[in-house]
Amino acid sequence: MIHTTTNAPHTDTRAILLLAAGPSSRLGRSKQLLRIGQTTLLEKTIAEAIRANIGPVYVVLGARSEEHERQIAQAPVALVHAPEWAKGMGYSLKTGLAHIRQAQPKLEALLVLVCDQPGLSATHLQNLVTASQKSGKPIITSGYARTQGVPVLFQKPFFESLLSLPDEAGAKKLITAFSHESASVDFPEGVLDIDTEDDYQRWLAQQ
């Protein structure tokens, strides 16, 4: 089932894909619905993606999808439901990308986000696009904690590689395999992602 609301694109050659289908098994409750200030983590991530004005925003839902969909019912995004979300992040990513390619046949660049980085900002997303334009590299990663990760921008030459990922593998597999094809943008806020209750409490303590 696909539910689409209006979301006037900045350009039909770029899109943002937010992966929010996971069950938050290590946390024991929905990380998507954690309170982040006056909103939820899912809503905040969507708001930053929209504010970046890069292109249409697509959100992949899976576990507890009805509850999450109600939470973002008014958001100007397209919802993509991943019925077999339990297969893994790779499955959700492939489901989202396949839908976007149908919706935007001229797609040239895809920005992949996840829903556990409370420090994400529209500015960082815009910086990834700028780095792509300036460097000419087909992959632009976010750099933090001596690693390269998400958010990550992939140009069209890597779409087929994304669609060939194992169901259980995420974008990190390609980032690692094609590090020589990538450039990076510093994202120190990415050091803290929320996977456990301790992570969440540590984030709250920093506010």
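The values are calculated or read from the model by the stated rules, or taken from the named source; none is laboratory data. In this text the structure is predicted, and so the values were computed from the model without any measurement. Virtual Cβ from ideal backbone geometry, glycine too; neighbours counted across all protein chains shown.
With respect to the conditions (1) within 16 Å of residue 41 (Cα to Cα); (2) at pLDDT 95 or above, residue 148 falls short on a single one, namely (1). The residues of the range 28-58 that are among the hydrophobic types (A, V, I, L, M, F, W, C) and either modelled with pLDDT of 95 or more or in contact with an Asp or Glu (Cβ under 6 Å, 6 or more places away or on another chain) (or both), listed by number, are 33, 34, 41, 42, 46, 47, 49, 50, 52, 54, 57. Out of 82, 63, 78, 47, one residue alone is within 20 Å of residue 193 (Cα to Cα) and touching a Phe, Trp or Tyr at 6+ places or on another chain (Cβ under 7 Å). It is 63. On inspection, residue 42 passes the criterion of being surrounded by 23 or more Cβ atoms within 10 Å (Cβ to Cβ) and under 28 Å from residue 161 (Cβ atoms). Once the range 160-201 is narrowed to residues that are of a type in the set (Phe, Trp, Tyr) and touching a strand residue (DSSP E or B) at 6+ places or on another chain (Cβ under 7 Å), the residue that is surrounded by the most Cβ atoms within 10 Å (Cβ to Cβ) is 187.
Listed here are the residues, each with its yes/no results for (1) more than 25 Å from residue 187 (Cα to Cα); (2) in contact with a helix residue (DSSP H, G or I) (Cβ under 9 Å, 6 or more places away or on another chain).
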position	(1), (2)
28	yes, yes
47	no, yes
50	no, yes
54	no, yes
59	no, yes
87	yes, no
116	no, yes
121	no, yes
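On the stretch given as the range 128-154, residues that are closer than 17 Å to residue 54 by Cβ and under 15 Å from the mean Cα position of the chain (by Cα) total 11. Among the strands (runs of 3 or more DSSP E) confined to the range 76-152, the ones with at least 1 residues that are surrounded by 22 or more Cβ atoms within 10 Å (Cβ to Cβ) and among the polar types (S, T, N, Q) are located at 139-144.
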